[in-house]
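Below: one structure, written as structure tokens.
The values are calculated or read from the model by the stated rules, or taken from the named source; none is laboratory data. This structure is a prediction, so every number in the text was calculated from the model and none was measured. Using ideal geometry, Cβ is built from the backbone for each residue, glycine included, and neighbour counts are taken over all protein chains shown. Surface accessibility is based on the protein's heavy atoms, side chains included, excluding ligands, DNA and RNA. Shrake-Rupley method; radii C 1.70, N 1.55, O 1.52, S 1.80 Å.
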Amino acid sequence: MHNSSTGSTSKPKGSLSVSSDVSFKRKRGVFQKDLQHMMYGFGDDPNPLPETVALLEDIVVEYVTDLVHKAQDIATKRGKLLTEDFLFLIRKDLPKLHRCTELLSMNEELKQARKAFEVDEEKLAAD
């Protein structure tokens with residue numbers, strides 16, 4: 001796996017494009033429990049090997065970091081990072097795109113429900 005903290009300018013295809021003065025030190029194991037649950041949900045052992053979870057975490061963090069950097073590159077032309085930048089990047093992966101739009105839609109519905117609930121609470125408090 002490519003170590004992005006070395007600042008090497010020769011990178012294998014698909015690796016992160018990182019400037020040499022940027023260091024990516026992160027706390028490992030942050031997603032350990034979540035990944036274990038997801039792995040089990042997809043048919044793995046309830047207690048997968050720690051090495052397997054660590055490898056999967058490295059892959060996920062690298063993927064998300066790469067996606068964010070690509071979205072930032074798109075957004076620099078506009079000056080603002082938007083949700084649409086991420087949707088643009090995953091536009092050819094239809095299952096992922098549909099799942100993201102579904103989650104965004106549900107998030108909007110939850111926001112509206114919370115807003116309506118807050119208005120109802122304010123009316124009750126005023127009575």
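On average, how much accessible surface per residue is there in region 53-96, in Å², for a 1.4 Å probe, leaving out ligands, DNA and RNA? Numbers along the way, then the final one.
Numbers: 2930 Å² over 44 residues.
Spelled out: the 1.4 Å probe surface of region 53-96, per residue, equals 66 Å².
Along region 101-114 the Karplus relation, 6.51 cos²θ - 1.76 cosθ + 1.60 evaluated at θ = phi - 60°, assigns HN-Hα couplings of 5, 5, 5, 5, 5, 4, 4, 5, 4, 5, 4, 5, 5, 4 Hz to successive residues, with x for each Gly and Pro.
In loop segments of region 35-127 as defined by DSSP, the trypsin sites (Lys or Arg not before Pro) with at most 12 further C-beta atoms inside 10 Å of their C-beta are Lys77, Arg78, Lys80, Arg91, Lys92.
Region 44-90: percent of C-alpha pairs farther apart than 13 Å? The partial results should precede the final answer.
On the way: 672 of 1081 pairs.
For region 44-90, the fraction of Cα-Cα distances above 13 Å is 62 percent.
The chymotrypsin sites (Phe, Trp or Tyr not before Pro) found in region 38-69 that occupy coil by DSSP, while having at most 11 further C-beta atoms within 10 Å, are Phe42.
Quick check: at a probe of 1.4 Å, how many percent of the accessible area of region 64-127 sits on carbon and sulfur atoms?
On the way: 3090 of 5230 Å².
Carbon with sulfur: 59 percent of the solvent-accessible area.
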